[in-house]
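Asker: Below is a structure I'd like to ask you about.
The values are calculated or read from the model by the stated rules, or taken from the named source; none is laboratory data. All values derive from a computational prediction rather than experimental measurement. Positions of Cβ are generated from backbone atoms using ideal geometry, with glycine treated the same way; all protein chains shown enter the neighbour counts. Areas reflect the complete protein model, heavy atoms only, side chains present, ligands, DNA and RNA absent. Shrake-Rupley method; radii C 1.70, N 1.55, O 1.52, S 1.80 Å.
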Amino acid sequence: MENGRSKKGLFQKFLDFVEWLGNKLPHPVTLFAILAGLTLLASWLFASMGVSVEHPGEEETVSVTNLLNGEGISYIFSTMTDNFINFAPLGVVLVTMLGIGVAEHSGLISAALRGFVLSIPKSLITAGLVFAGIMSSLASDAGYVVLPPLGAVIFLALGRHPIAGLAAAFAGVSAGFSANLLISGTDVMLAELSTAAAATIDPAYAETMNVTMNWFFIATSVFVLTLVGWFVSDKIVEPRLGKYNPADAPEDAGDEEAEDYMAPLTKIEKKGLWSAFISVIIGLGLALSLVVFPNSPMRGTEGTYMDTIIQSPFMSSLVPIIALLFFIPGIVFGMVTRTIKNDKDVAGQMSKTMASMGMFIVLAFTAGQFVAYFNESNLGLVIGVNGADMLESMNLTGIPLIIGFMAVTAFINLFIGSASAKWAMMAPIFIPIMMQLGYSPELTTMAYRVADSSTNIITPLMTYFAIIIAFAQQYVRNIGIGTLISVMLPYSICFFIFWALMLIVWMLFGLPLGPAAPIEYQG
């Protein structure tokens, strides 16, 4: 026991250092503003030095554009509004969240997750929690609020350690955030950033990319990560925690919340879920009818049958389709359960969702300026070409290159929690580099997602980390950051290792990551 405490003490010191260092970084909004300013200065410096490269996709020389001369300053002020409005993830995220917000605030998502977890056999409860956590990324951040406390209550009711249940759910929700059987808002957001970065090298290739670029891989990942999370929970985490002592709980801990979470679905909730499910089936059928038949209105016109689906207006319209597939079932559930009584309730729920997106909108303004300046200056192209040349001279290619990139991403994630914020910075640099080395933007995006998700649960700077600690303290009053990190670290390590191995196998067999999404790039 002393040895364990000693290890916790050393690890706590490391976490204290990480937290101290991470807190020294400015807010992401400020960080992007600083990056935008540094991009302007870099454009002036490198333009003054006459830096240029041969465009990899076209036989022409491209020079760095000075954004601090007269023409550049005019560009900065005249495009500021457009840079914000045209920031790739802004519109797609807000549209998607309008639909998801109705499903969340009507109670559909909470009831569906609770019903799923409570209906499976006790022997599969851990796997069910991990699986439900992974799938909860469909609802953006809703899983963080619903599943960890639900997991703790269920484990406590079964005579198991509540922190183990909380950890299993938290691992699924956060470490498995980039895996899902369906296309989520994360796919849309990251795909838009990747497409914009790829367009700097090969605009024609970028036009063939879509939000399903990683779908085959992330859908398979759900089952792999569920098994890994199940094993880590039952064989590593729960035995290490030992038997739960109720005396560790705060003196004012009550059972009212536990009773709410353990309460079975009411008849009206079940009726609402069945009604919502029927509406989803009808909605999917109507959506597919827009593309699967020869004369479907949103079907492509050239190539094979699959080509006319993949390269079709339907695939370009997945964002509003996904939003509607959440919006309509959310309304149906709300009307059945009376959480929605009229159109004012729907408008209020959508408004509440948009209010919660305030920080993202502010972030989009400064990030949009940075991305626009970076592209206009041609710095991304210059860095990409020179970076590729450097990596080639180091003979760092193939699997070692991908693993190295993932290690860098995982480290950065300890300090900058937002997946979209990091990718907005990294995509314009790393996607061109990888394309120059023959690796597709889809592969680079997937490697980023694996590393980014795996380390979410071990950084105190993750947005919901403090909330998870608050949930845990309802059962162990003195639990702190170090203890929680030590509980979650086995998940992080195992998810990273097995997910990376899965990606390596995918590369070795040359399997597509999604529809028309190859491993290699051939420009």
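Asker: Using a 1.4 Å probe and counting only protein heavy atoms, arrange TYR205, TYR491 so the residue with the most accessible area comes first.
Answerer: Of TYR205, TYR491, the descending order of accessible area is TYR205, TYR491.
Asker: Summing Lys, Arg as +1 and Asp, Glu as -1, what charge do residues with Cβ under 13 Å from the Cβ of SER119 carry, SER119 excluded?
Answerer: Result for the neighbourhood of SER119: +2.
Asker: Once the cut-off is 34 Å, how many percent of the Cα-Cα pairs in the chain end up in the long-distance tail?
Answerer: Roughly 41 percent, rounded to a whole number.
Asker: What is the packing order of peptides 118-124, 370-376, taking the mean over residues of other C-beta atoms within 10 Å and listing the highest first?
Answerer: Top of the packing list down: 370-376, 118-124.
Asker: How compact and how long is the stretch 320-385, expressed as Rg and Dmax of its alpha-carbon atoms in Å?
Answerer: Reported Rg and Dmax, both Å: 19.5, 58.
Asker: Oh, and also: If you fit an axis through the alpha-carbon atoms of helix 125-135 and take the longest principal axis of the Cα set of the chain, what angle between them do you get, 0 to 90°, nearest 10?
Answerer: The answer is roughly 30 degrees.
Asker: May I ask you to evaluate 6.51 cos²θ - 1.76 cosθ + 1.60, the Karplus curve with θ = phi - 60°, for each residue of the stretch 156-164 and list the ³J(HN,Hα) values in order in whole Hz, giving x for glycine and proline?
Answerer: 4, 5, 8, x, 9, 5, x, 5, 5
Asker: Where only protein heavy atoms count, and the probe is 1.4 Å, what is the accessible area per residue for the chain in Å²?
Answerer: Heavy-atom accessible area per residue stands at 44 Å².
Asker: Give me the Å³ per residue figure for the convex hull around the C-alpha atoms of the stretch 448-523.
Answerer: 117
Asker: For a quick check of understanding: with a 1.4 angstrom probe and all protein chains in place, what accessible area in square angstrom does PHE495 have, to the nearest ten?
Answerer: 0
Asker: On to the next question. Keeping all protein chains in position, work out how much accessible area VAL29 exposes to a 1.4 Å probe, and write it in Å² to the nearest 10.
Answerer: 30
Asker: May I pose another question? Taking Cα atoms, how many degrees apart are the long axis of helix 185-199 and the longest axis of the chain, rounded to 10 and kept between 0 and 90?
Answerer: The angle comes out at about 10 degrees.
Asker: At 1.4 Å probe size, with no ligands or nucleic acids counted, give the accessible surface of SER174 in Å², nearest ten.
Answerer: Result for SER174: roughly 0 Å² accessible.
Asker: How large a share of the accessible area of the chain, in percent, is made up of carbon and sulfur atoms when the probe is 1.4 Å and the other protein chains stay in place?
Answerer: Roughly 66 percent, rounded to a whole number.
Asker: Related question: By average Cβ neighbour count within 10 Å, what is the ranking of 480-486, 160-166 from highest down?
Answerer: Most protected by this proxy first, the peptides run 160-166, 480-486.
Asker: Relative contact order (percent) for the chain, with alpha-carbon contacts under 8 angstrom and 6 or more residues of separation?
Answerer: 25
Asker: Which cross-chain or sequence-distant (5 or more) residues have an amide H under 5 Å from the amide H of GLY514, H modelled 1.01 Å from N in plane?
Answerer: PHE216
Asker: Taking all protein chains together and a probe of 1.4 Å, list TRP506, TRP274, TRP44 from the most accessible to the least accessible.
Answerer: Of TRP506, TRP274, TRP44, the descending order of accessible area is TRP274, TRP44, TRP506.
Asker: Based on the Kirkwood radius over alpha-carbon pairs, what value in µm²/s does the Stokes-Einstein equation return for the translational diffusion coefficient of the stretch 37-153 at 37 °C and 0.692 mPa s?
Answerer: The Stokes-Einstein estimate is 173 µm²/s.
Asker: From the convex hull of the Cα coordinates of the stretch 323-476, what is the mean projected area in square nanometres?
Answerer: Directional mean of the projected Cα hull area for the stretch 323-476 stands at 13.3 nm².
Asker: Okay, next question. Quick one: of LYS235/LYS422; LYS235/LYS270; LYS122/LYS235; LYS267/LYS352, which pairs are farther than 24 Å apart, Cα to Cα?
Answerer: Where the Cα-Cα span goes over 24 Å, the pairs concerned are LYS235/LYS422; LYS235/LYS270; LYS267/LYS352.
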